[in-house]
């Protein structure tokens with residue numbers, strides 16, 4: 001992770017040095033929001049500036065949608081977007097732009113694109129870039145920068161964006177001149193998606209984007225050597241195949257890399273052909289249908305009891321596209337203690353980083369699964385193992401109580417939405433208890449329908465992610481597809497300003513706020529591990545979200561009881577536009593099962609008393 005070498009150069013002394021955010025109503029700027037696109041059939045303007053080269057490179061790379069916020073240093077690029085085929089959505093905050101771009105990429109399978117100006121605009125993107133980096137999501141961020149002659153002089157709204165984002169990008173660039181900037185942007189866009197995906201960034205000094213150029217960008221290409229060999233070594237595949245054949249208790253663990261590598265079909269074929277039970281990581285939700293008999297749902301801290309029991313007792317773990325993070329493994333020394341591990345990953349750095357791989361297979365998830373499928377000659381004798389997995393499903397079912405004398409349970413709300421929507425519905429979430437309930441009590445059957453923040457755990461992700469997901473679905477022609485955002489009151493409050501974007505763009509999204517007037521997961525941990533001291537977790541000062549939704553121009557509904565849930569869900573889903581339902585749920589409800597941090601997966605708590 002490093003920036004490209006580029007040195008400041010001598011520039012036109014008459015170049016505009018202004019780098020402040022400009023008023024969107026500045027009469028001297030033509031459509032500064034960039035919302036209007038070129039009329040159909042109009043020929044694109046020939047490249048004449050660095051900014052036009054940037055936009056031409058994005059168009060050539062296949063970018064169709066951008067999310068961002070205007071400002072002084074990025075203004076030349078926005079001016080070039082005025083006549084572009086790229087659809088731009090102005091967001092309420094740059095963090096929202098990054099999350100929306102991230103989610104757009106997750107749903108579409110193409111890199112997301114976000115823009116911001118220099119200084120605070122760029123730093124406001126940082127949370128979203130870090131989130132994409134942790135979850136290996138393809139995204140390109142374009143940031144404005146002060147003119148090169150002012151770089152390093154603490155100019156107005158100057159930040160060392162390349163330095164700030166170097167640890168959280170796959171690669172970042174400082175654009176050096178107008179002649180090459182288009183090629184740099186095209187390379188960054190392609191690099192974000194080759195091999196292991198991740199965010200890239202190009203920092204664009206204002207003089208570079210304003211300068212004249214006659215150089216049109218070439219085809220978008222990733223740097224040589226960055227597209228890895230998709231096939232694992234044949235001898236390694238053969239050895240792994242023999243281990244699977246000899247296993248008595250084989251288990252597939254499908255991670256987010258299966259979805260990002262478009263390998264869900266290959267994963268399903270592999271598991272079903274060999275009748276191997278399947279669990280997933282949380283980012284891998286949807287890679288294998290949860291209504292399949294072989295499915296054990298997802299494993300980890302709040303995964304199902306039967307998934308964690310299977311991981312604890314398997315003798316051959318076939319892990320595909322996972323980095324074995326601590327929320328999955330608990331204590332490394334107790335994770336899959338009886339298993340030989342077959343680890344498939346496109347990134348060799350992940351092999352044996354956390355969990356030792358007895359059979360390392362470096363390559364593309366789908367390609368390597370096909371190699372394994374061809375290499376396995378004898379089926380593993382796993383009849384008793386499959387029966388044991390089914391027994392665990394019956395012993396540790398995902399259930400919850402609904403006593404008449406207690407408030408509405410949040411799990412009930414999730415199940416109500418699941419029953420009322422189709423299998424291809426896209427679910428986005430913030431982070432906290434609501435995120436866990438949305439992943440536990442919704443039956444996912446398709447990839448790219450679960451959109452959440454995993455590695456970074458970013459509260460506030462859900463609302464802008466729902467906007468990005470909705471725009472992606474619409475761009476793919478899936479305008480009838482439902483998008484539901486489950487959020488908590490704390491997460492919703494962090495980015496609810498993006499409701500203004502959903503209303504402005506008339507986006508059909510339903511926001512279900514599971515409002516327990518707490519930072520719920522913190523409260524749960526405080527009760528379990530800090531003797532119930534609710535320091536800074538009590539959020540009984542929350543506003544009335546249904547009324548705020550109406551103030552934004554969205555449909556607002558409040559729900560307090562079970563009999564109100566179904567009518568509210570139906571009304572919101574039928575409403576043609578953004579709708580917010582403020583569900584007032586049991587403030588004392590906890591997420592269970594739970595593996596205490598660093599604990600053994602097989603020793604999960606089923607009740608609060610066991611924590």
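Kirkwood hydrodynamic radius for the range 337-401: how many Å is it when counted over pairs of different Cα atoms? Could the numbers behind the result be given before it?
Values: mean 1/r = 0.0680 Å⁻¹.
By the Kirkwood definition, the hydrodynamic radius is 14.7 Å.
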Next on the checklist: Between the range 183-253 and the range 80-154, what is the separation of their alpha carbon centroids in Å?
Outcome noted: 19
Checklist entry - With the contact rule set at Cα under 8 Å and sequence spacing of 6 or more, what percent relative contact order holds for the range 410-592? => result 23
Next on the checklist: Please compute the Kirkwood hydrodynamic radius over the range 234-395, one decimal place, Å, based on all pairs of different Cα atoms.
Outcome noted: 15.1
Item to check | C-alpha long axis of helix 264-274 to longest principal axis of the chain, angle in ° | outcome: 20
Item to check | Value of relative contact order over the chain, rounded to a whole percent, pairs C-alpha under 8 Å and six or more apart | outcome: 13
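Order of 289-300, 470-481, 94-105, 448-459 by packing, highest average Cβ count within 10 Å first?
Ranking, from highest mean packing down: 94-105, 448-459, 289-300, 470-481.
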Checklist outcome for this item: Taking Rh as the Kirkwood radius computed over alpha-carbon pairs of the chain and applying Stokes-Einstein at 25 °C with viscosity 0.890 mPa s, one gets a diffusion coefficient in µm² s⁻¹ of 98
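If a/c stays under 1.5 just call it rounded; otherwise compare a/b with b/c (prolate if a/b is bigger, oblate if not). Do that for the range 364-443, with a ≥ b ≥ c from the square roots of the Cα gyration tensor eigenvalues.
oblate
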Item to check | Using distinct alpha-carbon pairs, which all enter the 1/r mean, Kirkwood radius of the range 123-167 in Å | outcome: 11.7
Checklist outcome for this item: Of all DSSP beta bridges having both residues in the range 410-592, the percent classed as antiparallel (nearest 5) is 5
Checklist entry - Once both axes come from the Cα atoms, what is the angle between helix 50-61 and the longest principal axis of the chain, in degrees from 0 to 90, rounded to 10? => result 40
Next on the checklist: Given the range 410-592, report the % of alpha carbon pairs whose separation exceeds 28 Å.
Outcome noted: 17
Item to check | Shape category assigned to the range 50-210 from the gyration tensor of Cα positions, a/c cut at 1.5 | outcome: rounded
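Could you grab the relative contact order for the range 482-562? Cα pairs under 8 Å, six or more apart, rounded to a whole percent.
Details: 83 pairs, mean separation 23.8, N = 81.
Relative contact order comes out at 29 percent.
We did not get these values from a lab; they are worked out from the coordinates using the rules stated. None of the values given here were measured: they were computed from a predicted structure. We place every Cβ from the backbone using ideal geometry, glycine too, and count neighbours over all the protein chains shown.
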